[in-house]
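Rule-based calculations on the coordinates, nothing more; no lab input. Everything quoted here is computed from the prediction, not taken from an experiment. Cβ sites come from the backbone with ideal geometry, for glycine too, and all protein chains shown count toward neighbours.
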Amino acid sequence: MDTLSRYKILTITHKSTPLKNIGNFVLPNLDTPALFAAKIQALKKALQLEELMYMATCNRIVFFCVTDQLLDHQFINRFQTIVYPNLELDLDASALGFIGEHAINHLLEVAASTDSLVIGEREILRQIRNAYDRCLAAKTTGDSIRIAIRLAIETAKKVYSNTRIGEKPVSVVSLAIRQLIAKNPPKEARFLIVGAGQTNTLVGKFLLKYGFTNFTVFNRTLSNAQQLATMLNCKASTLDELPNYQGGFDILIACTGATEEVITTTIYDRIIQNQDKKILIDLAIPNNIEASIEQQFNADYIEIDGLKELVNENLAFREKEVTKAHAIIHKQVSSFKAHYKARQVELALKDVPQQIKAIKHHAIGNVFKSEVAELDANTQELIERMMAYMEKRCIAIPIQVAKENIAGISSVKKIRMGKVSEVVLNND
Ligand SMILES: NC(=O)c1ccc[n+]([C@@H]2O[C@H](COP(=O)([O-])OP(=O)(O)OC[C@H]3O[C@@H](n4cnc5c(N)ncnc54)[C@H](OP(=O)(O)O)[C@@H]3O)[C@@H](O)[C@H]2O)c1
């Protein structure tokens with residue numbers, strides 16, 4: 001049995017399905033910590049998982065689980081029924097499954113960004129930390145996910161400091177801006193920015209760097225809109241006011257965490273002002289700009305899905321570094337196996353000290369109480385010291401023996417990774 005076999009990952013990524021589909025797998029309406037906690041706790045319970053972490057980024061959805069259940073067809077079907085009851089897409093065909101050490105290996109690859117759409121982008125580490133913190137706050141994670149995430153962060157840092165993978169930093173945002181610049185927009189172009197999160201803040205920094213000056217920001221929460229507007233030296237408004245915006249624009253950049261369209265055809269029609277060609281940039285997954293706008297109106301459209309060519313260029317530059325990163329990851333996974341086993345023993349033995357202490361107290365206070373009472377004070381004190389010495393030694397022995405045994409244990413069975421339907425065959 002694989003030491004790490006209780007770790008399972010079910011993931012929908014840019015490698016398993018077209019990017020456009022990924023948005024369909026984002027769990028909707030998890031906006032507040034309370035909504036998020038309620039949903040994730042309900043899923044964990046319904047799926048009968050010991051631990052669960054959920055993460056959604058622009059190129060992947062990850063369900064990181066700890067469970068003894070097999071990742072088989074029955075599980076996947078139940079997963080789809082519980083998690084995506086209304087989704088027409090087939091989870092089995094759209095997802096990848098990873099089990100045991102392959103799950104850990106995949107987690108480390110994600111963290112080190114060797115599995116990212118844009119290899120070498122560091123944003124993923126922030127996203128992993130955020131996703132973990134949210135799930136920790138929701139109390140759906142435990143010790144197993146905690147130590148795996150710690151390993152993932154440590155490994156990502158090792159990869160970044162020992163390879164050139166993060167050199168000439170790139171990101172989905174930087175590639176989108178490159179595509180925009182290739183269209184030669186005039187410096188005085190009017191930007192309408194919808195959303196004021198981390199991604200649009202990064203967008204704003206790039207636009208300032210390229211010398212653009214004319215911005216308007218709309219965001220659900222005014223205070224966040226104002227923060228970005230301060231950086232861009234422009235006006236901020238709430239999203240509710242967008243349909244009445246009369247200021248016009250040349251370039252619209254939409255990027256919010258909304259799971260439904262924010263720029264609908266109706267809103268777009270009300271705010272365009274004229275029929276001049278606009279540039280639309282949609283960095284959200286799922287997309288924020290209604291798809292039919294591109295066909296119905298005079299517009300050039302830039303979205304994550306369309307960045308593939310630039311992504312491939314980036315990949316070629318980093319290929320050698322990815323090989324080095326994989327070697328680091330492989331080593332980390334190997335040492336984690338022993339660490340994990342030791343941790344399980346540590347947890348199993350965590351009650352031993354208390355139990356031994358209780359035996360000592362019971363012996364002195366009950367079993368040998370009358371005999372001890374007849375002894376003089378010096379002898380009583382000597383017995384106390386001897387018992388304390390024995391207690392300490394007895395606690396150390398099982399832990400030491402267990403650790404020595406673990407050091408000699410190596411993983412036995414390799415479980416392949418692949419499409420969920422393939423993994424199923426290698427599950428038992
Ligand atoms: N991080 C990346 O590298 C990256 C790259 C490309 C694309 N993306 C995509 O960009 C989107 C946003 O990511 P982010 O990193 O900017 O997230 P973020 O920092 O958490 O910001 C989320 C933004 O979306 C707004 N928002 C959230 N839910 C909303 C809703 N239901 N209706 C309207 N506005 C809503 C938030 O408004 P409030 O201020 O009111 O909370 C905030 O402006 C996601 O779809 C993500 O997949 C991210």
How many nm separate the modelled label positions at A38 and T265, each set 7 Å beyond the Cα in the direction of the Cβ?
3.4
Kindly state, to the nearest 0.05, the FRET efficiency for T230 paired with K331, given R0 = 45 Å and r defined as their beta-carbon distance.
0.50
Report the one residue of L375, M387, Q354 whose Cα lies farthest in the direction of the positive end of the charge dipole of segment 351-396 (charges on C-beta: Lys and Arg +1, Asp and Glu -1; origin at the Cα centre).
Q354
By how many nm would the segment from Q198 to E384 grow when fully extended, if each residue of separation counts as 0.36 nm and the alpha-carbon distance is taken off?
60.8 nm
For segment 351-396, state the semi-axes of the equivalent ellipsoid (square roots of 5 times the eigenvalues of the alpha-carbon gyration tensor), sorted largest first and rounded to whole angstrom.
21, 12, 5
Lys and Arg at +1, Asp and Glu at -1: neighbours of P185 with Cβ under 15 Å from its Cβ sum to +3
Which length gain, in nm to one decimal place, applies between E50 and F297 when the Cα-Cα distance is subtracted from 0.36 nm times their residue separation?
83.9 nm
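Report Rg/Rh for the chain, rounded to two decimals, where Rg is the Cα radius of gyration and Rh the Kirkwood radius.
Values: Rg = 27.8 Å, Rh = 24.8 Å.
For the chain, the value is 1.12.
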Going by Cα centres, segment 85-137 and segment 174-251 are how many Å apart?
29
Given points 7 Å out from each Cα along the Cα-Cβ axis, report the N77 to Q400 separation in nanometres with one decimal.
5.4
Rounded if a/c is under 1.5, else prolate if a/b is larger than b/c, else oblate: which is segment 312-392, with a ≥ b ≥ c the root eigenvalues of its Cα gyration tensor?
prolate
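Out of the chymotrypsin sites (Phe, Trp or Tyr not before Pro) in segment 161-255, which ones are loop residues according to DSSP with at most 15 other C-beta atoms within 10 Å? Could the numbers behind the result be given before it?
On the way: sites: F191, F206, Y210, F212, F215, F218, Y245, F249; in loops: Y210, F212, Y245, F249.
Those satisfying the criteria are Y210.
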From the backbone phi of segment 305-319, what are the Karplus-calculated ³J(HN,Hα) couplings (6.51 cos²θ - 1.76 cosθ + 1.60, θ = phi - 60°) in whole Hz, Gly and Pro given as x?
4, x, 8, 3, 4, 5, 4, 5, 4, 4, 5, 4, 4, 9, 3
What shape does segment 172-310 have by the C-alpha gyration tensor, where a ≥ b ≥ c are the square roots of the eigenvalues, rounded means a/c under 1.5, and otherwise prolate means a/b greater than b/c and oblate the rest?
rounded
Using a simple charge model, +1 on the beta-carbon of Lys and Arg, -1 on the beta-carbon of Asp and Glu, nothing else, what dipole does the chain show about its Cα centre, in debye to the nearest 20?
1060
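List the longest stretch of the chain that has no exposed loop site; here a site is one of the trypsin sites (Lys or Arg not before Pro) assigned by DSSP to anything other than H, G, I, E or B, with at most 15 other Cβ within 10 Å. Mind showing how you got there, number by number?
Details: sites that count: K15, K139, R164, K183, K187, K277, K350, K413, K414, R416.
Longest run free of exposed loop sites: 16-138.
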Inter-probe distance in nm under a simple model that places probes 7 Å from Cα toward Cβ, at K308 and H361
6.8
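Taking the inverse of the average 1/r across all pairs of different Cα atoms in segment 70-223, what Kirkwood radius in Å do you get?
Values: mean 1/r = 0.0531 Å⁻¹.
Mean inverse Cα-Cα distance, inverted, gives 18.8 Å.
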Would you please state which residues of segment 162-198 a label at K277 would reach in this model, taking the label point 7 Å out along Cα→Cβ and a backbone N cut-off of under 20 Å?
176-192
Farthest towards the positive end of the dipole of segment 172-310, among C234, G248, G195 and with Cβ unit charges of +1 on Lys and Arg and -1 on Asp and Glu, lies the Cα of C234
